[in-house]
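Colleague: Structure below; questions to follow.
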């Protein structure tokens with residue numbers, strides 16, 4: 001049984017450092033070139049959807065009376081809206097089915113808040129001196145960057161095992177300058193935490209001072225269990241409506257991690273009034289999205305039940321990878337007391353907390369040894385982790401054998417960085 | 001030979017009116033339901049690209065080393081950039097290849113000018129009291145609506161047979177509040193006018209007071225001749241560079257009217273510096289566009305030469321329709337002196353000028369007789385045609401036999417509206 005670094009004598013620490021250094025140098029000598037930086041599936045996993053192209057789309061050119069190869073139906077094919085409605089547990093007329101990227105829909109929602117205002121906005125946000133935004137962290141770097149790009153003041157809200165710290169959120173939304181919050185409610189990016197029912201209910205029951213406060217509910221991993229059966233999840237659209245603030249939320253989803261990252265279909269769901277308002281604005285922006293791809297997807301994925309069955313095939317690739325991460329961290333790191341993490345049952349990441357002050361160094365060491373990871377700090381607003389502790393492990397892309405090598409490097413780096421830190425502090 | 005209405009006696013006019021009314025009522029009695037409102041191809045024409053789906057995209061999942069089924073390559077597949085570069089006569093690194101809609105790219109360019117500013121903007125446009133915009137008219141209603149949606153002051157610039165009135169444009173750009181101009185340089189929407197070399201050169205040589213003045217060069221019909229051979233056209237990107245203002249122009253194109261409206265691929269072309277600047281902003285907005293559709297299109301359309309050959313198939317559908325419009329207008333309207341138009345050799349529209357004060361009434365009569373056309377005034381800023389004269393005829397959608405009926409209705413309406421007008425004024 002390994003001794004925790006905190007319990008070691010200075011001499012033991014020095015010996016541990018030497019051993020960690022040796023382990024690290026051995027890793028480095030292998031001259032690896034591995035990527036654990038982004039949450040994307042590997043080539044073999046991507047190809048499980050290739051039978052989608054057995055569908056000859058030419059045999060299906062008319063859908064609900066709409067010519068899918070021509071202009072029209074700019075808010076999405078009815079069948080596509082029905083598909084997403086089924087997937088998310090909302091109503092068909094609460095769905096806007098778009099293009100290949102939910103991030104694009106999120107960005108456009110924020111962008112329109114700035115240029116035109118949201119449904120309940122007294123004025124466009126660009127007219128305001130300050131817009132503040134709540135960022136549960138660790139969180140998704142691309143969310144934070146959208147907010148940052150528009151010059152918002154980002155406020156970090158700590159994540160708990162149940163979701164964002166709701167005491168803090170409830171306090172913060174009393175400030176009318178606080179205009180919204182990013183949420184990845186199921187298998188949060190990167191922690192893999194599923195918001196508890198209580199947290200979801202408290203979010204839906206928020207009474208923000210800003211009339212146009214908006215919950216950006218990125219349900220990116222709504223059917224993305226890789227361990228165990230599909231776990232049903234509350235529908236935020238209905239909850240907000242029942243709580244009397246139906247227009248306070250936009251939910252987003254896509255098939256980027258169901259079929260093809262970057263070539264799937266995406267949607268947002270919101271109150272009928274929100275959908276109508278956004279449609280008015282979006283009808284200026286586009287004549288419509290790719291209905292051929294929408295229909296191809298619906299014919300292939302059919303419905304929620306069939307989609308969940310399809311996700312089992314993804315799980316076959318994902319579970320062994322996450323098991324491997326768990327195995328290495330449990331064996332190499334946990335006993336030393338130099339890191340902790342939440343064990344996810346779905347999603348794409350493991351959120352690893354190194355000893356405070358060690359994340360950047362760990363990342364740097366890994367990079368030098370040929371393992372690229374998401375930049376340390378990226379999971380926090382402005383890319384600054386105040387504790388310099390969090391590291392996002394994205395094990396999905398490398399094949400299993402490469403992932404094993406990458407985890408060996410990673411664990412060696414965590415150990416070396418921890419030893420350095422404890423010797424120097 | 002018919003007599004011109006202007007030359008008729010009051011009695012002759014009354015007789016003409018009665019005849020026109022009878023002709024119109026006969027049309028109306030047919031109970032037609034025809035659509036000449038939008039520039040979109042009919043079902044049979046759309047289907048000429050269906051052999052694109054003979055390509056099994058699964059056999060081509062790696063392109064220039066990029067996995068087209070995964071994230072990455074957010075500015076477009078290299079082969080797709082090369083394709084558009086060939087099509088437009090620009091360089092590969094002057095191209096950003098996007099999603100299915102060039103309108104979306106145009107909107108986003110304007111939107112980013114408001115929220116972030118363009119490359120040469122001293123500040124985002126949302127910080128300005130007033131933004132003025134030049135709108136050559138008749139023009140494309142969706143262009144004008146984008147500008148209007150952002151609260152710009154739209155300034156009408158009359159179209160001549162050679163393009164926008166350049167004396168006026170050169171004068172107007174001396175105002176630093178004038179930030180840009182919409183142009184459809186080849187087969188302009190709706191006139192079908194090809195800007196003359198002199199006009200294009202004068203546009204490229206503009207020296208606007210606003211450092212971030214932008215030419216929105218919508219080359220929607222760059223290979224869309226339906227009569228005669230492909231006519232080469234000057235490359236505005238090069239011309240602006242040579243004139244010393246390389247960052248003054250964004251060019252847009254798509255395959256919406258080459259393959260599938262709404263399911264094609266689109267791009268913008270601009271100076272390398274502009275592309276770099278926009279990429280920085282757009283990397284926040286999206287992880288990437290649909291590379292599978294990009295590659296499918298490139299494999300199918302191959303290059304400019306092959307695309308021009310493909311456009312010949314479109315011309316087979318388009319030419320008879322435009323011939324028919326020409327035939328009806330020449331026979332029924334021209335001799336009466338109650339309308340004129342430019343005869344287009346490409347594009348999607350015939351821009352018909354009724355007697356001043358007659359467009360709305362003509363449109364209304366057509367609607368009552370079951371023929372839907374683009375709303376009168378739509379071709380002018382704010383939807384207001386000061387002369388109430390212009391009507392956009394979009395003959396591409398209805399089959400030839402329906403188009404014949406629609407033109408019979410249209411000509412009857414033009415005659416009746418003209419007769420009413422002359423009797424009442």
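Read-outs: derived from the displayed coordinates by stated rules, not from any lab. Please read all numbers here as calculations on a predicted model, not as lab measurements. Note that each Cβ is placed from the backbone with ideal geometry, even for glycine, and that neighbours are counted across all protein chains shown.
Colleague: As a test, work out the antiparallel percent of DSSP beta bridges whose residues both lie in segment B:120-202, rounded to the nearest 5.
Modeller: 20 percent
Colleague: Here is a further query. If you build a Gaussian network model of chain A, linking Cα atoms that sit under 10 Å apart, which residue out of A:285, A:91, A:45 swings the most?
Modeller: Per the Cα network of chain A with a 10 Å cutoff, A:285 tops the list.
Colleague: Using only Cα atoms, figure out Rg for the protein assembly as shown and give it as a multiple of 2.2 N^0.38 Å.
Modeller: Scaled against compact globular proteins, the figure is 1.05.
Colleague: Right, next: Shielding by partners for B:59-70, please: the mean number of other protein chain Cβ atoms within 10 Å of each residue's Cβ.
Modeller: For peptide B:59-70, the averaged partner shielding equals 4.
Colleague: Run the paramagnetic zone check for residue B:227: 7 angstrom along Cα to Cβ, then residues of segment B:296-321 with backbone nitrogen under 19 Å.
Modeller: Residues B:311-321 qualify, since their backbone N sits under 19 Å from the label point.
Colleague: Can you compute the modelled spin-label distance between residue A:280 and residue B:13, with each label point 7 Å from Cα toward Cβ, in nm?
Modeller: About 4.3 nm, to one decimal.
Colleague: Let me ask something else. Angle, helix A:359-368 long axis vs. longest principal axis of chain A, Cα atoms, 0 to 90°, nearest 10?
Modeller: 80 degrees
Colleague: Sticking with this one: Set the Förster distance to 60 Å, then compute FRET efficiency between residue A:130 and residue B:425 from the Cβ-Cβ distance, nearest 0.05.
Modeller: Using R0 = 60 Å, I get an efficiency of 0.55.
Colleague: Also: For the protein assembly as shown, what proportion of DSSP beta bridges, expressed in % and rounded to the nearest 5, is antiparallel?
Modeller: That works out to approximately 50 percent antiparallel.
Colleague: Averaged across B:259-266, how many Cβ atoms of other chains sit within 10 Å of each residue's Cβ atom?
Modeller: Average per residue, whole number: 6.
Colleague: Output, in nm with one decimal and in ascending order, the distances from the residue A:58 label point to the matching label points of the other copies (7 Å from Cα along Cα-to-Cβ).
Modeller: Sorted ascending, the copy-to-copy spacings read 1.8 nm.
Colleague: Here's something else I'd like to know. What is the Cα convex hull volume of segment B:209-293 when expressed per residue in Å³?
Modeller: 130 Å³
Colleague: Still on this structure, I have one more. Roughly how compact is segment B:1-48, stated as its Cα Rg over 2.2 N^0.38 Å to two decimals?
Modeller: Ratio of Rg to 2.2 N^0.38 Å for segment B:1-48: 1.87.
Colleague: So, one more: Compute the distance from the alpha-carbon center of segment B:122-158 to that of segment A:183-218, in whole Å.
Modeller: The distance from the Cα centre of segment B:122-158 to that of segment A:183-218 comes to 38 Å.
Colleague: Is it possible to state the helix-based mean residue ellipticity at 222 nm for the protein assembly as shown, with each DSSP H run of 4+ residues giving -39500 (n - 2.57), the sum divided by total residues, to the nearest 500 deg cm²/dmol? What is it?
Modeller: Mean residue ellipticity, 222 nm, calculated: -12000 deg cm²/dmol.
Colleague: What's the FRET efficiency of residue B:55 with residue B:196 using the Cβ-Cβ distance as r and R₀ = 41 Å, to the nearest 0.05?
Modeller: 0.55
Colleague: Can you compute log10 of I(q)/I(0) for segment A:61-302 with the Debye formula, treating each Cα as one identical point scatterer, at q = 0.10, 0.14, 0.15 Å⁻¹?
Modeller: Values returned for q = 0.10, 0.14, 0.15 Å⁻¹ are -0.44, -0.88, -1.02.
Colleague: Roughly what would the spin-label model give for residue A:306 and residue A:4, points 7 Å off Cα along C-beta, in nm?
Modeller: Those two pseudo-labels are separated by 5.3 nm.
Colleague: Please state the relative contact order of chain B as a whole percent: Cα pairs under 8 Å, 6+ residues apart?
Modeller: 27 percent
Colleague: List the residue from chain A whose beta-carbon is nearest to the axis that rotates chain A onto chain B, together with that distance in whole Å.
Modeller: A:126, 2
Colleague: Can you pull a Stokes-Einstein diffusion coefficient for segment A:162-249 at 20 °C (1.002 mPa s), Rh from Kirkwood over Cα pairs, as a whole number of µm²/s?
Modeller: Stokes-Einstein gives a translational diffusion coefficient of 160 µm²/s.
Colleague: Among B:73-81, A:300-308, B:261-269, A:235-243, how do they line up from the highest to the lowest mean number of other beta-carbon atoms within 10 Å?
Modeller: So the order, starting with the most tightly packed, is B:261-269, B:73-81, A:235-243, A:300-308.
Colleague: Another one. What number in nm² do you get for segment B:243-321 if you take the convex hull of its Cα atoms and divide its surface by four?
Modeller: Result: a mean projected hull area of 7.4 nm².
Colleague: Here is a follow-up. With 20 Å as the cut-off, how large is the P(r) tail for segment A:281-425, expressed as percent of Cα-Cα pairs?
Modeller: Everything past 20 Å amounts to 57 percent.
Colleague: Across peptide A:124-131, what mean number of C-beta atoms from other chains lies inside 10 Å of a residue's C-beta?
Modeller: Taking all residues of A:124-131 together, the mean is 2.
Colleague: Can you tell me how segment A:30-183 classifies by the Cα gyration tensor, rounded, prolate or oblate, using a/c under 1.5 as the rounded cut?
Modeller: oblate
Colleague: Over the Cα atoms of chain B, compute the convex hull volume and normalise it per residue, giving Å³.
Modeller: 141 Å³
Colleague: Hey, what angle do you get for helix B:291-301 against the long axis of chain B, alpha-carbon based, 0 to 90 degrees rounded to 10?
Modeller: Tilt of helix B:291-301: around 60 degrees.
Colleague: So for the pair residue B:162, residue A:205, with labels modelled 7 Å out along Cα→Cβ, what separation do we get in nm?
Modeller: 7.3 nm
Colleague: Going by average Cβ density within 10 Å per residue, which order do the peptides B:321-327, B:311-317 take, highest to lowest?
Modeller: Packing order, densest peptide first, comes out as B:321-327, B:311-317.
Colleague: What is the angle, in °, between the Cα long axis of helix B:10-29 and the longest principal axis of the Cα atoms in chain B? Nearest 10 is fine, range 0 to 90.
Modeller: Tilt relative to chain B: about 60 degrees.
Colleague: Also, quick follow-up: Please compute the contact order of segment A:61-302 in relative form: average sequence separation of alpha-carbon pairs under 8 Å and at least six residues apart, divided by the residue count, as a percent.
Modeller: After rounding, I find 27 percent.
Colleague: Given the peptides A:370-380, B:28-38, arrange them by the average over their residues of other C-beta atoms within 10 Å, most packed first.
Modeller: Order by mean packing, descending: A:370-380, B:28-38.
Colleague: Okay, moving on. With r defined as the distance between the Cβ atoms of residue A:367 and residue B:372 and R0 fixed at 60 Å, what FRET efficiency is calculated, to the nearest 0.05?
Modeller: The pair residue A:367/residue B:372 has a calculated efficiency of 0.45.
Colleague: What are the distances, in nm and sorted shortest first, from the label point of residue A:315 to the label points of the same position in each other copy, with each label point placed 7 Å from Cα along the Cα-to-Cβ direction?
Modeller: Spelled out, the distances from residue A:315's label point are 5.8 nm.
Colleague: Continuing with the same structure: Give me the percent of DSSP beta bridges within chain B that run antiparallel, rounded to the nearest 5.
Modeller: Within chain B, antiparallel bridges account for around 50 percent of the total.
Colleague: Which whole-number percent is the relative contact order of segment B:266-425 (Cα, under 8 Å, 6+ apart)?
Modeller: 21 percent
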